[in-house]
Amino acid sequence: MKIVTFAGSLSAMVATTTQISIQSGAATTTCVGQAGVINPVIHGRIYKPMTDELQIREPLSMDQFENLRKQAIMLIKTGFLPAHIKTPEQAVAIVLIGREMNVPMMQALRKIVVINGVPSVAPELLLALAYRTGQLDDVGIKSLEGGQGMAVTIKRHGMSPVVKTFTMGDATKLGLAEKHNWRAQALTMCQWRALAACLRVTFPDVCLGMYTFEEIAPDITVDDQGVPVSMPDMAPVDDPRPTQEEVPQTHPPVDPADTRPITEQQRRRLFAIYKSAGWTDEQAHAVVMTAGFETSSAITRAAYPAIVQTLSKPPGKQTE
């Protein structure tokens, strides 16, 4: 019998006081972990037991948090972060989300996007996290007959295989088929939708209910890896808090004939106003549509005050 000892973290395939027993000629081998739990080693993989308890991370100390903030400030200054990350505070929030998922800092900044306050992830990140558990036995991806969609099969250790499909018929029902992504790379989009759905069923402890960028915001433009290259109109990624110049002041009356579109600052302020009043994005967009505008960017300066007044009150209380 040969004993091999590793040092470090078991989740990274190395654990303090962890011993792996390899028996010559044995059909299976075993791994004795920190708590003395026996885990099978099959085809070179350590299979950790499934659990219904999520890993709870200790909150950062104030010193750690301050160090993270300083790192975020430095990274913002490099200009190397994705364009949607504008402030150190946004970077810190994303890193903390990644920390809960055991995603390294730079990968979190590249693969996690917060859209309208909802975290979303790149689909390949979900797959990578599933692989990292050591419990992913098999992944099968195939095109459906006639190229009308994709099917994904995932087998988790100790579970029956799960199959999820996504077709262009599904895309049409959801109003996706005419969007740029779906016209340009239909099968790729079907693949990522089916894969994400399958992973949420087979690895809920890894996905934590997370959805992909494109599932959260279908109007977002993504590349063939599912990574966003542009953001949707109603999902500002700039800091939505009013700047000093936007604090309400005394202004001359608005010209009712002013058809110029509102500024980006005004649009961001509108976003902050309706969020603080309790409106959903869909409800706010309906108000904008009722006022005669397809998007928030199309709102004229003449119409802006009335829309702000409506959205500054909680839904259902506009007449009070």
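With an 8 Å Cα cut-off and a minimum separation of 6 or more residues, compute the relative contact order for segment 75-174 in percent.
Values: 99 pairs, mean separation 13.2, N = 100.
Relative CO of segment 75-174 lands at 13 percent.
Fewest-first ordering of TRP279, TRP192 by other beta carbons within 10 Å of each residue's beta carbon gives TRP279, TRP192. The alpha-carbon atoms of segment 62-123, seen along their principal axes, cover 31, 24, 19 angstrom, with the largest extent given first.
Among the listed pairs LYS70/LYS111; LYS179/LYS313; LYS111/LYS164; LYS142/LYS179, give every one whose C-alpha distance is greater than 29 Å. Correct reply: LYS179/LYS313.
Multiplying the residue separation of ARG301 and GLU178 by 0.36 nm and subtracting their alpha-carbon distance yields 41.2 nm.
Please give the contour-minus-distance gain from SER276 to ASP63: 0.36 nm per residue of separation, less the Cα-Cα distance, rounded to one decimal in nm. Intermediate results must be reported in sequence, preceding the final value.
Values: separation 213, 0.36 × 213 = 76.68 nm, distance 3.11 nm.
Length difference between fully extended and current span is 73.6 nm.
3J(HN,Hα) couplings calculated from phi for segment 269-280 with the Karplus curve 6.51 cos²θ - 1.76 cosθ + 1.60 (θ = phi - 60°) are, in sequence order, 5, 4, 4, 5, 5, 6, 5, 5, 7, x, 7, 7 Hz; Gly and Pro show x.
The Cβ shell under 12 Å around ALA108 holds other residues with a net charge of +2, Lys and Arg each +1, Asp and Glu each -1. Counted residue by residue at 0.36 nm each, then reduced by the alpha carbon distance between them, the extension gain from GLN71 to ASP258 reaches 62.9 nm.
Quick note: the coordinates plus some simple rules give every number you see, no bench work behind them. As the structure is a computational prediction, the values presented were derived from the model and not from experiment. Using ideal geometry, Cβ is built from the backbone for each residue, glycine included, and neighbour counts are taken over all protein chains shown.
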